[in-house]
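What follows is a set of notes on a single structure, which appears directly below.
Bear in mind that the values in this text are calculations on the coordinates, not laboratory data. Since we're looking at a predicted model, the values are computed, not measured. Don't worry about glycine lacking a Cβ; one is built from the backbone with ideal geometry, like all the others, and counts go over all protein chains shown.
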Ligand code: AMP
């Protein structure tokens, strides 16, 4: 497996692979990898001849008060896991190379960046879209794989891929979960034992929503009320940022659950902000 640390070298490698007719798969990550990330690499492996996994904790997508400095990092462990998952190239650029002095060009997917996470994390998706556009340009993928776990991000980046005419096959892979249903996330590391136990509040609420829809309740407000009760019953100190019912592609709010509606939520469990989502129909 190749480890590449400079943009120049990565560009050279991409050029060589394209010239050789190789199909390139891309899996962008911020590292501290878990089985969710590895499932994306395995999926990309099935779609492409080579898989470029990127590890980059992107400063542009963190607000000053967020966890950029303490975001968990384990480069050695990550490289080992990527190799085992079938990755062929790991690209680990430096922040001061990705954002060189004088940097001032940003990608803004305007409307889709406003609701949900956008209400709580203004500017976040400009950072995400900008870095992913740069990674597309540097690695020249034929196929890219993102996770359903970050549902709004997946919707925004799909729009960006279309709008900026990237000829890239766009795949969103299912959320990988712990045995008790908690969605895997690098940030789960922040949960102490009580918080970890109570973090099942999110999946419990989502499963309650799904069961309600199955038995005929489709009013979003009614479902949301019950979800709040489930969350408070599991984690009494939880702070709910939002519980939303939206169309997958447009992210517009759906007062009733119909086909394609996704329920997404963000909850602070003992101070750790967790997100999750589920298609309800
Ligand atoms: P991150 O390292 O958090 O930026 O995530 C990198 C990629 O992994 C994104 O496309 C995420 O949506 C995806 N991802 C994160 N957690 C999971 C999970 N539990 N299951 C599947 N994909 C995930």
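Roughly how many Å is it from the Cα centre of the stretch 9-27 to that of the stretch 59-96, as a whole number?
Rounded to whole Å, the Cα centres lie 21 Å apart.
Sort 248-258, 143-153, 270-280 for me by packing, meaning the mean count of neighbouring Cβ atoms within 10 Å per residue, highest on top.
143-153, 270-280, 248-258
Kindly express, to the nearest 10 degrees and within the range 0 to 90, the angle between helix 124-139's C-alpha long axis and the longest C-alpha principal axis of the chain.
Rounded to the nearest ten degrees, it is 30.
Pairing the Cα long axis of helix 7-19 with the longest principal axis of the chain, what angle in degrees results, from 0 to 90 and rounded to the nearest 10?
80 degrees
Taking Cα pairs under 8 Å and at least six residues apart, what relative contact order does the chain come out at, in percent?
Value for the chain: 17 percent.
Using the Cα gyration tensor of the stretch 50-189, with a ≥ b ≥ c the square roots of its eigenvalues, what is the shape: rounded (a/c below 1.5), prolate (a/b larger than b/c) or oblate (neither)?
Since a/c stays below 1.5, the shape of the stretch 50-189 is classed as rounded.
Please compute the length gained on full extension between residue 67 and residue 247, using 0.36 nm multiplied by the number of residues separating them and subtracting their Cα-Cα distance.
Contour length minus the Cα-Cα distance gives 61.8 nm.
Find how many whole Å separate the alpha carbon centroid of the stretch 213-255 from the alpha carbon centroid of the stretch 130-153.
Computed from Cα coordinates, the inter-centre distance equals 28 Å.
At 0.36 nm per residue, minus the direct Cα-Cα distance, what do residue 22 and residue 46 gain on full extension? Give it in nm, one decimal, please.
Full extension of this stretch gives 7.3 nm more.
Report the relative contact order of the stretch 106-169, percent, no decimals, based on alpha-carbon pairs under 8 angstrom and at least 6 residues apart.
About 37 percent, as a whole number.
Hey, with R₀ at 41 Å, roughly what FRET efficiency would residue 165 and residue 214 work out to, going by the Cβ-Cβ distance, to 0.05?
0.50
Treating the angle as unsigned and between 0 and 90°, give the value, to the nearest 10°, between the Cα long axis of helix 35-47 and the longest Cα principal axis of the chain.
50 degrees
Highest first, please rank the peptides 235-242, 71-78 by the mean number of other Cβ atoms sitting within 10 Å of their residues.
The most tightly packed comes first, giving 235-242, 71-78.
So how much slack lies between residue 95 and residue 110, counting 0.36 nm per residue of separation and subtracting their Cα-Cα distance, in nm?
In short, 2.9 nm is gained.
Need one number: nm distance between label points at residue 194 and residue 226, each 7 Å from Cα along Cα→Cβ, rounded to one decimal.
3.0 nm
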